[in-house]
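Colleague: Below: one structure in structure tokens.
The values are calculated or read from the model by the stated rules, or taken from the named source; none is laboratory data. Note that the structure is predicted; figures quoted are calculated from it, not measured. Backbone-built Cβ (ideal geometry, glycine too); neighbour counts: all protein chains shown.
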Ligand SMILES: [Zn+2]
């Protein structure tokens, strides 16, 4: 024991001579839930280190010789939400996560002397501010993406704290205390995941050890600003597994992979395939227009007036974009077909006809794509309320990005064809790239669905 205290004292001295790096929570709308992004950040910044209070207590995590908890990260990421793993300053741990005295300790206990203020561990929405037998005065906050935090045994709540309010990171929520079933002044802190909207409320959520989550590094900031954090999210096997638990995800994949069958059994080459994707772009354009109209209805009449200008502009601009694209595809088709005659400049309807006739069963494929898009429009955009979260401008620009990605795919496919000297492989590669893009969109759909479920809390 004496050793231990000496160790902490030494660490304290060491800390004085060389202070630990400062931790600061990222500014701006870092939370993935839209409703929380506007809440102002509070004064709290977490401590870089967390110490064990004593050499032995239940579920004591591994520490270095100074009692410093080894796998503590001041900021952790939980389902994409950045959280403080210990939302209090100058505290040490008096009990860890895990089975304790015949029951489950679903959080960690943190103690500071004197009792210090407790802060919200991430931006979110306050769900519960209540007194309970076990936790005493307790607060529960939803952070989006099915992530929640609970704070128990508070002495009192911060003034004005009430359920339903949004709260920024690091805002005070109360003072550390010993209300409820507590033998000493401390904070009982839980990180919970799952769905709160069940009859069991927070009791149906999964409790997690705050020390189990990966630490957040400034690097995430970079990936976020580059927009590639989603890519990393997509590589998460859990997200993928969750995505493909939904039968709709499999239907989307099947429709995307369908052309493989046409290539293998109907003699489809590059021309019908590129025409298929071109026709698909027209369908996506029509869907974008439908989404813009639906979006404009929500802020009637201003939205409708705006739409009267933006709608025709989009039809003209996207139409021209697709037309020019189609002319290139048509030229490509004529170059590929031996008896192709470059008979003047095609009209839009000629292009569509040429596309529809370019491969066996083309209309069937197009009908399947239309049916799927109509289903997704009604199911996701209208019924699940995506239109409430979006803007006309966002929906208008969406199809262009898709075309650019498709072009990169065609380019890569053509390159592969040339490199391999095997047109079939190039075509199959193009279909696989297209399907991979489909997987990306499907996972994004899942992430968005998770978000709308979350917003409903
Ligand atoms: Zn506890």
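Colleague: Test residue 409 against the stated conditions and say whether it is at pLDDT below 75 and loosely packed, with under 15 Cβ neighbours inside 10 Å.
Modeller: No: the conditions fail for residue 409.
Colleague: Among residues belonging to region 97-111 that are within 16 Å of residue 153 (Cα to Cα) and touching a helix residue (DSSP H, G or I) at 6+ places or on another chain (Cβ under 9 Å), point out the one that is farthest from the ligand (Cβ to nearest atom).
Modeller: Checked region 97-111; the qualifying residue farthest from the ligand (Cβ to nearest atom) is 108.
Colleague: Here's a check for you: in region 143-158, which residue that is more than 31 Å from the chain's Cα centre (by Cα) and within 16 Å of the ligand (Cβ to nearest atom) is surrounded by the most Cβ atoms within 10 Å (Cβ to Cβ)?
Modeller: 154
Colleague: Something else about it: Looking only at region 112-124, count every residue that is crowded, with 24+ Cβ neighbours inside 10 Å and either more than 14 Å from the ligand (Cβ to nearest atom) or not assigned by TED's automatic domain parsing to the domain that holds residue 210 (or both) and tell me the total.
Modeller: Step one: of region 112-124, the residues crowded, with 24+ Cβ neighbours inside 10 Å are 118-124.
Next, from what is left, pick out any that are either more than 14 Å from the ligand (Cβ to nearest atom) or not assigned by TED's automatic domain parsing to the domain that holds residue 210 (or both): 119-124.
Looking only at that region, the number is 6.
Colleague: Being away from the ligand (no atom under 16 Å from the Cβ), closer than 19 Å to residue 211 by Cβ and modelled with pLDDT of 90 or more is the requirement here; does residue 23 meet it?
Modeller: Values: away from the ligand (no atom under 16 Å from the Cβ): yes; closer than 19 Å to residue 211 by Cβ: yes; modelled with pLDDT of 90 or more: no.
Judged against the criteria, residue 23 is not a match.
For every residue, the table says whether it meets (1) over 23 Å from residue 107 (Cβ atoms); (2) under 21 Å from the mean Cα position of the chain (by Cα); (3) at pLDDT 90 or above.
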| site | (1), (2), (3) |
| --- | --- |
| 175 | no, no, yes |
| 179 | no, no, yes |
| 197 | no, yes, yes |
| 203 | no, no, yes |
| 208 | no, yes, yes |
| 211 | no, no, yes |
| 214 | no, yes, no |
| 225 | yes, yes, no |
| 231 | yes, yes, no |
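Each row is one residue, and each column tells you yes or no for (1) farther than 21 Å from residue 74 by Cβ; (2) surrounded by fewer than 18 Cβ atoms within 10 Å (Cβ to Cβ); (3) within 16 Å of the ligand (Cβ to nearest atom).
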| residue | (1), (2), (3) |
| --- | --- |
| 138 | yes, no, yes |
| 141 | no, no, no |
| 160 | yes, yes, no |
| 167 | no, no, no |
| 171 | no, no, no |
| 176 | no, no, yes |
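Colleague: Which of the residues spanning region 40-54 are assigned to a loop (DSSP other than H, G, I, E, B) and either farther than 14 Å from residue 119 by Cα or at pLDDT below 50 (or both)?
Modeller: Residues of region 40-54 that are assigned to a loop (DSSP other than H, G, I, E, B), as a first pass: 40-50, 53-54.
48, 49, 50, 53, 54, listed by residue number.
Colleague: Tell me which residues, restricted to region 178-215, are more than 16 Å from the ligand (Cβ to nearest atom), closer than 19 Å to residue 74 by Cβ and not in a loop (DSSP other than H, G, I, E, B).
Modeller: 212, 215
Colleague: Going by what's in this entry, would residue 61 be described as within 16 Å of the ligand (Cβ to nearest atom) and either within 29 Å of the chain's Cα centre (by Cα) or without any contact (Cβ under 8 Å) to a residue 40 or more places away in the chain (or both)?
Modeller: No: the conditions fail for residue 61.
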